[in-house]
Amino acid sequence: MTAITLVLGDITRQRADALVNAANSSLLGGGGVDGAIHRRGGPAILQECRRLRASRYGRGLPTGQAVATTAGNLDARWVIHTVGPVYSAEEDRSPLLASCYRESLRVAGELGARTVAFPAISTGVYRWPMDDAARIALETVRSTPTTAEEIRFVLFDTPAYEAFTRQLG
Ligand code: AR6
């Protein structure tokens, strides 16, 4: 039985086996969660991201996929980087957003992570409406087989926390 929990806070302050980063394809950092993870996690994370760019992901990490690195100075064993889709009103990109959660859990399973903390992927710079993002996130983790004991959503502000609370039911 996997527990799905909601927390209001900063993901870089969480203790978990794996923290998920809302990255971009370059894997070389950015704003939002990504900036905070690299700032607090220190240079070891970026160093490993650079190695990934020089090897498996020469053209970047495709949207909807996930890859793990060290967590550096964060209170975690791994950071799992995933690339959410930019929201589009014209095109339904929800399968790609669902894929971020599914692929992150798959990587977490391979690593043996028992506790996995997610931010609300794509709801910041990538502009996905919070209620819809919360629905996709929760539906996906509920329907994805996982060995994780706890899947924690770390929501940065009260509207995000309330949207996830409504969708959790
Ligand atoms: N802890 C938890 N949630 C946070 C934190 C934090 N420290 N900081 C922001 N959020 P975003 P995206 C929330 O923009 O939309 C970056 O530049 C935020 O309020 O981090 O997937 C990357 O490099 C929002 O609800 O990710 C990419 O280029 C949610 O986390 C791009 O942004 C996601 O916001 C990815 O955009």
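Residue count for the stretch 1-47 under the criterion of being open to solvent by 50 Å² or more (accessible area, probe 1.4 Å), closer than 24 Å to residue 112 by Cβ and more than 9 Å from the ligand (Cβ to nearest atom): the result is 3.
Any residue that is in contact with a strand residue (DSSP E or B) (Cβ under 6 Å, 6 or more places away or on another chain), under 23 Å from residue 69 (Cα atoms) and in a helix (DSSP H, G or I) - is there at least one of those in the stretch 145-155? No - not one qualifying residue is present in the stretch 145-155. The single condition among (1) in contact with a Ser or Thr (Cβ under 8 Å, 6 or more places away or on another chain); (2) open to solvent by 10 Å² or more (accessible area, probe 1.4 Å) that residue 73 does not satisfy is (1). Among the strands (runs of 3 or more DSSP E) confined to the stretch 1-120, the ones with at least 3 residues that are over 14 Å from the mean Cα position of the chain (by Cα) and closer than 23 Å to residue 144 by Cβ are located at 3-8. From the set of residues in the stretch 110-169 that are open to solvent by 50 Å² or more (accessible area, probe 1.4 Å) and of a type in the set (Phe, Trp, Tyr), which is nearest to residue 89 (Cα to Cα)? The qualifying residue nearest to residue 89 (Cα to Cα) is 126.
The one condition from (1) part of a helix (DSSP H, G or I); (2) touching a residue at least 40 places away in the same chain (Cβ under 8 Å); (3) of a type outside the set (A, V, I, L, M, F, W, C) that residue 166 does not meet is (2). Looking only at the stretch 82-100, decide whether some residue is away from the ligand (no atom under 13 Å from the Cβ) and aliphatic (A, V, I, L, M). There is at least one residue in the stretch 82-100 that is away from the ligand (no atom under 13 Å from the Cβ) and aliphatic (A, V, I, L, M). Here is the figure for the stretch 101-138: residues that are within 15 Å of residue 66 (Cβ to Cβ) and within 15 Å of the ligand (Cβ to nearest atom) total 10.
The values are calculated or read from the model by the stated rules, or taken from the named source; none is laboratory data. Everything numeric here is computed off the predicted structure, so don't read it as measured data. Backbone-built Cβ (ideal geometry, glycine too); neighbour counts: all protein chains shown. Protein only, heavy atoms only, side chains kept; ligands, DNA and RNA dropped before computing areas. Shrake-Rupley method; radii C 1.70, N 1.55, O 1.52, S 1.80 Å.
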